[in-house]
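This report refers to the structure that appears directly beneath it.
The values are calculated or read from the model by the stated rules, or taken from the named source; none is laboratory data. Because the structure is predicted, anything quoted here is derived from the model rather than measured. Methodologically, a virtual Cβ is constructed for each residue, glycine included, from the backbone with ideal geometry; neighbour enumeration extends over all protein chains shown.
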Amino acid sequence: MEPVEPVIVQELAGRITVYTIAGCLHCLRVKARLTNMGLPFVEVDVKKNLEMRQLILNLTGRHTVPQIFFNNVHVGGNDEFQKLSQENLGKLINLVKHEPAPPDAPPVPEPKVVEEEVPQQEVKSERDEFADLIVEFKQSGIIGNHWSCLKLHHNTFTGKQLVAWLVDNKNLIKPEAIEMAGDLMSRKFLNPLSGKEFEDTDALFRLVEHDSESALNTGATAEYRAISASRHSEAMRDLILKLFSEHITPDGKFVDYKSMAGSPTFEEYCQLAVQLQRLKFDDLSRNEKLAFFINVYNALVIHGNITYKPPKNMWQRYKFFNSASYVIGGEVFTLQDIENGVLRGNQKGIAQLTKPFSKSDPRLKAALEKVEPCIHFALNCGVLSCPPIKTYSAKDIDEQLKISTEAFLDGFDSCQVDVSKKEVRLSQIFKWYKIDFGGTDEKLLKWVLEHLQDSPKKKALKDLLGQGNVKIAYLPYDWSTNSKD
């Protein structure tokens, strides 16, 4: 479609209304095009106004954003808007230029409601009583390099050394020092290199913050007591999306990851990420695991793109997803571990010969009992696409995953139904993870049908399946980076 020449309009008789969520790439693209055309519009952030979100759902039947109205005419989302013919777009522009918004046009909140910021929840609990002790121990000079089993272990100390230091510097008798060392271990300040309990021996230990040099949230002490995993991950995700929206080009196509690294928002985010070191994951419910690990995964992808160069080829992508990691609850989780080990119920991923977690791996406690297929449409936000719900909460996780899935299947680049050829063209995701959607073509197509929102596409697929002999083809997958440089 040829672009319409910009027409600078000082004001409209009617109203263009765009319902959005902050940080949404599709929303940015709509707003950029309207701005380039010189068309003023009213933006309503539905995340800040739950009543408005429900109203738009009732009006459009869609959970996704953006949703665009010219007066009372519903255009649809970004795809529909970008594909409008010049003739139809011209008619819509003339409509709002010359006719006031009628009474049945979708409402907008009062300006004070639109501008009102939802205060960010305080996610730091009280400072741990042992935080100063750990900081002091790091400065003692005891931590060093030790040989064990013909291997040099960096940033380590023996159980004997820790106990002796506690006796000499904290006025404890030896049994009290051993008990305190065990408490430090249970609070995830330190980990054994082997074994599961603290030992007053030459057995080696390492502070959790030193446990993985490659993890992006190590190198500093997690000084605060662990809070709710769900609250913590939501706060992290909100900050990373704020950072993302601050450093994206106006058209929503490219991200300046280099400038992100020096942002005060990124520094604040990194402080939150450090606290993951001691956050417990083994007692989370299924809903809590889904919300927590989806949020952490999406934030880690962006954190990894800031710290490393965004991957540009197959080898770089393999290395990226197997190295970008956080220490969570004293254990290292890579992106692969989170996706395949946790969210896919400890199943082998692409090009993996074994399951991520062995039976003795403590991270196995984080794994879902069975795969949740909808996670494939909630992950990877912030790099190539952006789901309509930006943070996931345990309370509403299934509804939010339903929304993200509908948004994905609604896209032309994800699902196409060609009635004339009796063919359904799907994203490569369905090919790579076919087992998650039933394992056969028949079960896969049935799953897609059940998860499409009511639309002509769904009706066409239902009619095709009724005829039988439907072919499946897979669409090209765009691996191009959205990095600015």
Exercise. Is there a residue being part of a strand (DSSP E or B), buried (at least 18 other Cβ atoms within 10 Å of the Cβ) and in contact (Cβ under 8 Å) with a residue 12 or more places away in the chain anywhere in the range 332-342?
Worked result: yes
When restricted to 79, 45, the only residue buried (at least 17 other Cβ atoms within 10 Å of the Cβ), within 28 Å of residue 398 (Cβ to Cβ), outside the structural domain of residue 451 (by TED's automatic domain parsing) and not polar (S, T, N, Q) is 45
When every residue in the range 402-446 that is among the small types (Gly, Ala, Ser) and closer than 16 Å to residue 64 by Cβ is compared, the one surrounded by the fewest Cβ atoms within 10 Å (Cβ to Cβ) is 411
Within the range 273-304, restricting to residues that are at pLDDT below 90, hydrophobic (A, V, I, L, M, F, W, C) and over 15 Å from residue 331 (Cβ atoms), the one that is surrounded by the most Cβ atoms within 10 Å (Cβ to Cβ) is 299
- prompt: Does the range 381-400 contain any residue that is modelled with pLDDT under 85 and at positive phi?
  reply: yes
Filter the range 27-43 for residues that are touching a helix residue (DSSP H, G or I) at 6+ places or on another chain (Cβ under 6 Å) and within 22 Å of residue 72 (Cβ to Cβ); the one that is modelled with the lowest pLDDT is 30
Within the range 210-233, restricting to residues that are in contact with a helix residue (DSSP H, G or I) (Cβ under 6 Å, 6 or more places away or on another chain) and in a helix (DSSP H, G or I), the one that is surrounded by the most Cβ atoms within 10 Å (Cβ to Cβ) is 233
Condition set in contact with a helix residue (DSSP H, G or I) (Cβ under 6 Å, 6 or more places away or on another chain), β-branched (Val, Ile, Thr) and under 18 Å from residue 191 (Cα atoms), scope the range 128-177, selection surrounded by the most Cβ atoms within 10 Å (Cβ to Cβ): answer is 163
Checked the range 451-475 for anything within 17 Å of residue 413 (Cα to Cα) and either free of Cβ contacts under 8 Å to residues at least 12 places away in the same chain or assigned to a strand (DSSP E or B) (or both); matches are 456, 458, 472, 473, 474
When residue 23 is run through (1) at pLDDT 80 or above; (2) at positive phi; (3) surrounded by 17 or more Cβ atoms within 10 Å (Cβ to Cβ), the failure sits at (1)
Is it the case that some residue within the range 328-348 is under 30 Å from residue 29 (Cα atoms) and assigned by TED's automatic domain parsing to the domain that holds residue 234? yes
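Go through the range 129-154 and give me each residue that's in contact with a strand residue (DSSP E or B) (Cβ under 6 Å, 6 or more places away or on another chain), part of a strand (DSSP E or B) and not hydroxyl-bearing (Ser, Thr, Tyr).
Our first condition is that a residue be in contact with a strand residue (DSSP E or B) (Cβ under 6 Å, 6 or more places away or on another chain); within the range 129-154, this holds for 142-143, 145-146, 148, 152-154.
Imposing the further condition that a residue be part of a strand (DSSP E or B) reduces the set to 145-146, 148, 152-154.
Scanning the range 129-154 gives 145, 146, 152, 153, 154.
Residue-wise test of (1) in a helix (DSSP H, G or I); (2) over 28 Å from the mean Cα position of the chain (by Cα).
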| residue | (1), (2) |
| --- | --- |
| 40 | no, yes |
| 47 | no, no |
| 54 | yes, no |
| 57 | yes, no |
| 62 | no, no |
| 68 | no, no |
| 75 | no, yes |
